[in-house]
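The values are calculated or read from the model by the stated rules, or taken from the named source; none is laboratory data. Computed from a predicted structure; not experimentally measured. Note that we place each Cβ from the backbone using ideal geometry, even for glycine, and neighbour counts take in every protein chain shown. Ligands, DNA and RNA are stripped out before the accessible areas are found, and what is left, the full protein with its side chains, is counted by its heavy atoms. Shrake-Rupley method; radii C 1.70, N 1.55, O 1.52, S 1.80 Å.
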Amino acid sequence: MAARSNHRKRVLSGMRSTGKLHLGNYVGALDNWVRMQNDYECFFFVADWHALTTDYADTSKVKDSSVEVLLDWLAAGLDPERCTMFIQSHVPQHAELHLLFSMITPLGWLERVPTYKEQRENITEKDLGTYGFLGYPVLQAADILIYKGDFVPVGEDQVPHVELTREIARRFNMFYNRRGTSVFPEPQPLLTPAAKLPGTDGRKMSKSYGNTVMLTDPEPVVRQKLKTMVTDPARVRRSDPGNPDVCPVGDLHKIFSSPDTMAKVNAGCRSAGIGCIECKGWAADALVSILNPMQERRKKYEENPRLAWDILEEGSSRARKVATATLEEVRDAMHMSLGYEAEGSK
Ligand code: TRP
Ligand code: SF4
């Protein structure tokens, strides 16, 4: 394939324009992306059209939210020299492929997508009875297939979308081909090992629960949030022994602390040798030491927003090149290529 200048496998993934990211976004996905950029040819994009599938009524914040996501990516260590970053709507080719896929995707496939059923039932404050919301996995299929992604790193909830993408690729290849060759490979989901990060209330960290530690939280805010974090409920008094395995603060230590600290936590908690306040202080130290370098890096782009826009422009122009080449193949396979074709030339 001429478009692929090297032999690294291609990775593609996206995140919705949610605004600033929290530690759960980092541990669940972003840290994994940062590692992948060394081994794969990576395309990462901010899915602003996907954000519109649920938040179409007020778009006043969508652009800022996209840029905040990008800034957190750069802060976390995604490197424009090693991966391609862009905003979905800046590569409108995704929309053309989405339209073509919409022609061949049976409604039943979409109605069966688990996130569709779930969100229709759970989200009652918005009207999700829209065409765009039902079709969202088709858009996701276009996002992935337009880059012929080999691997798609996602959380468990997104795996059915990658499965659907494979089915759409297969169906397209069955209907259309270019002189006997398939246009689309079938991408594989790469399940991010789910280290479920607890929020300050002990539930999974999530923006909608209001229990997050943001990547941009300054040190005093991190320390304050940790102070109010729930602990092993059996440890009521300082003299009660506890169990880090059932304590959300213990979970934070497991993810972020050194083996030395972990050993002190284990011994001290189980023997009531340490207090929760001390233990939370160590957890805060660990968080601050990973957030500090991110916040330093972010500052550079906040002070000079032009830098971030240059990265986006560069990224979307690279992405458009790949996307345009795929669309040419698609149009060709569907007998819809631009330009005059002498009869019998195919
Ligand atoms: N749907 C994904 C989410 O809500 C975001 C997304 C959009 C995506 N397009 C994608 C993820 C393509 C992987 C590949 O998190
Ligand atoms: Fe949790 Fe630490 Fe308190 Fe043990 S000492 S209950 S691990 S906060």
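A viscosity of 1.306 mPa s and a temperature of 10 °C, combined with the Kirkwood radius over C-alpha pairs in the Stokes-Einstein formula, give region 155-243 a diffusion coefficient of 91 µm²/s. Counting only DSSP beta bridges with both residues in the chain, the antiparallel share comes to about 15 percent. Ranked by solvent-accessible area (1.4 Å probe, protein heavy atoms only, all chains present), the residues ARG170, ARG10 order from largest to smallest as ARG170, ARG10. Measuring spread by the Cα atoms of the chain yields a radius of gyration and Dmax of 23.0, 88 Å.
For region 207-298, the orientation-averaged shadow of the C-alpha convex hull comes to 6.1 nm² (one quarter of the hull surface).
Quick one: dipole size for region 207-298, taken about the Cα centre, charges +1 on Lys/Arg Cβ and -1 on Asp/Glu Cβ, in debye to the nearest 20.
180 debye
Close amide H pairs (under 5 Å, H built 1.01 Å from N) link LEU21 with LEU215, residues at least 5 positions away or on another chain. The stretch between LYS61 and ASN243 holds 61.2 nm of extra length on full extension. This uses 0.36 nm per residue minus the Cα-Cα distance. Here's the picture: charge each Lys and Arg Cβ at +1 and each Asp and Glu Cβ at -1 in the chain, and of PHE184, LEU312, MET214 the one pushed furthest to the positive end of that dipole is MET214. Computed from label points 7 Å out along Cα-Cβ, the spacing between ARG112 and ASN177 is 2.4 nm.
Summing Lys and Arg as +1 and Asp and Glu as -1 over all other residues whose Cβ lies under 13 Å from the Cβ of GLN224 gives a net charge of +2. Near ASP240, once Lys and Arg are set to +1 and Asp and Glu to -1 for all other residues with Cβ below 14 Å from its Cβ, the sum equals +3.
For the chain, the solvent-accessible area of protein heavy atoms averages 50 Å² per residue (probe radius 1.4 Å; ligands and nucleic acids excluded). Taking the longest Cα principal axis of the chain as reference, the axis of helix 259-270 is set at about 50 degrees. Of SER65, SER289, the order by accessible heavy-atom surface (1.4 Å probe, DNA, RNA and ligands excluded), from most exposed downward, is SER289, SER65. For ARG16, the residues whose amide H sits under 5 Å from its own are ALA47, ignoring neighbours fewer than 5 places away on the same chain, with H placed 1.01 Å from N.
A simple count of charges around PHE45, restricted to other residues whose Cβ falls under 12 Å of its Cβ and scoring Lys, Arg +1 and Asp, Glu -1, yields +1. With no other cysteine's Cβ closer than 4.7 Å, which Cys residues of the chain count as lacking a disulfide-compatible partner? For the chain, the answer is CYS247, CYS269, CYS276, CYS279, because their Cβ atoms have no other cysteine Cβ under 4.7 Å.
I need to check one value: relative contact order of region 108-176, counting alpha carbon pairs closer than 8 Å and at least 6 residues apart, in percent.
35 percent
Heavy-atom accessible surface of GLU313, to the nearest 10 Å², is about 100 Å², with a 1.4 Å probe and all protein chains retained.
Principal-axis analysis of the Cα atoms of the chain puts helix 159-175 at an angle of about 10° to the longest axis. Here the dipole of the chain is about 580 debye; that uses its Cα centre as origin and unit charges on the Cβ of Lys and Arg (positive) and Asp and Glu (negative). Taking the Cβ-Cβ separation of LYS207 and ASP260 as r and a Förster radius of 25 Å, what is the calculated FRET efficiency to the nearest 0.05? Between LYS207 and ASP260 the formula returns 0.15. In the chain, carbon and sulfur make up what percent of the accessible area (probe 1.4 Å)? Carbon with sulfur: 53 percent of the solvent-accessible area.
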